[in-house]
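Okay, so here's the structure we're looking at.
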């Protein structure tokens, strides 16, 4: 399971202020906490800083990598910002994201092979977000064809079926689950990623919905997630679900997490002696 920590995003008030004032200590503290929680990549997003995103995103990459030995997920819709940030990045980053929209695909997609980065590909085109799973899969298939034609390996493609709130559409969760199954069945070698928290937008007890959706999505074939790694309950369910799905050989990851005391215990997930 590929995990991407989502907390360094300037849409969060404290992070936005830290980036504007170049408060490296605050950003590095967030990076360390996420790295200690075991994420594979640390997302960096400066999208709210209009007019200064390339400089801010590059600063974020350098600041994070000065504190932790983790690659970044460079998160921006601005190709110039992504290009600048990748040039400053050490190791293999993830680019988040490309779509099948003509202009965005032509400007963003070549950056992945240029820097040897992995790439999040959103299942949408110039007509917007498809309403059903069949259409989303068709977009995913075209994305894979276009990306592999320019030299991106299938293993470096993380397809995002685009989670939308169930508060605005009863079937929104089901559409994503059906899309994940179709990708897993028909586009072998690729990965499926999603931002979990979108599913619960506008509803109470969001953590409950996010965690339940994570389990359902993993059972459908999700193998990458953008999430809050400091949510101990959600991370515990991720670890347990991997074990139940046969993704944790001899349950070593589960047992290791138990020994570290991060599966809940008397904190509320399980009080079994």
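Assign one of three labels to the range 154-273, namely rounded, prolate or oblate, based on the Cα gyration tensor with a ≥ b ≥ c the square roots of its eigenvalues; rounded applies when a/c is under 1.5, prolate when it is not and a/b is larger than b/c, and oblate otherwise. The shape class here is oblate. Taking a ≥ b ≥ c as the square roots of the eigenvalues of the Cα gyration tensor, the range 201-262 is oblate, since a/c reaches 1.5 or more and a/b is not larger than b/c. Peptides 12-25, 47-60, 71-84 ranked from most to least packed by the mean count of surrounding Cβ atoms within 10 Å: 71-84, 47-60, 12-25.
If you take the beta carbon distance between residue 185 and residue 205 as r and set R0 to 45 Å, what does 1/(1 + (r/R0)^6) give as a FRET efficiency, to the nearest 0.05? So the FRET efficiency works out to roughly 0.85.
Return the whole-Å distance between the Cα centroid of the range 170-243 and the Cα centroid of the range 14-70. The two parts, judged by their Cα centres, are 24 Å apart.
I'd like the FRET efficiency for residue 88 and residue 13, computed as 1/(1 + (r/R0)^6) with the beta carbon distance as r and R0 of 22 Å, rounded to 0.05.
Working: r = 25 Å, r/R0 = 1.16.
After rounding to 0.05, the efficiency reads 0.30.
The label point for residue 247 and the one for residue 33, both projected 7 Å from the Cα toward the Cβ, are 2.5 nm apart.
Cα-based Rg of the range 1-143 per 2.2 N^0.38 Å, rounded to two decimals? Numbers along the way, then the final one.
Working: Rg = 15.3 Å, N = 143, 2.2 N^0.38 = 14.5 Å.
Taking the Cα Rg and dividing by 2.2 N^0.38 Å, one obtains 1.06.
Which percent, nearest 5, of DSSP beta bridges in the chain are antiparallel?
Working: 1 of 29 bridges.
Of the beta bridges lying entirely in the chain, close to 5 percent run antiparallel.
Averaging 1/r over each pair of different alpha-carbon atoms in the range 1-65 and inverting the result gives 11.7 Å, the Kirkwood hydrodynamic radius.
FYI, it's all coordinate maths here, none of it is from the lab. Everything quoted here is computed from the prediction, not taken from an experiment. Cβ: placed from backbone, ideal geometry, glycine included. Neighbour counts: every protein chain shown.
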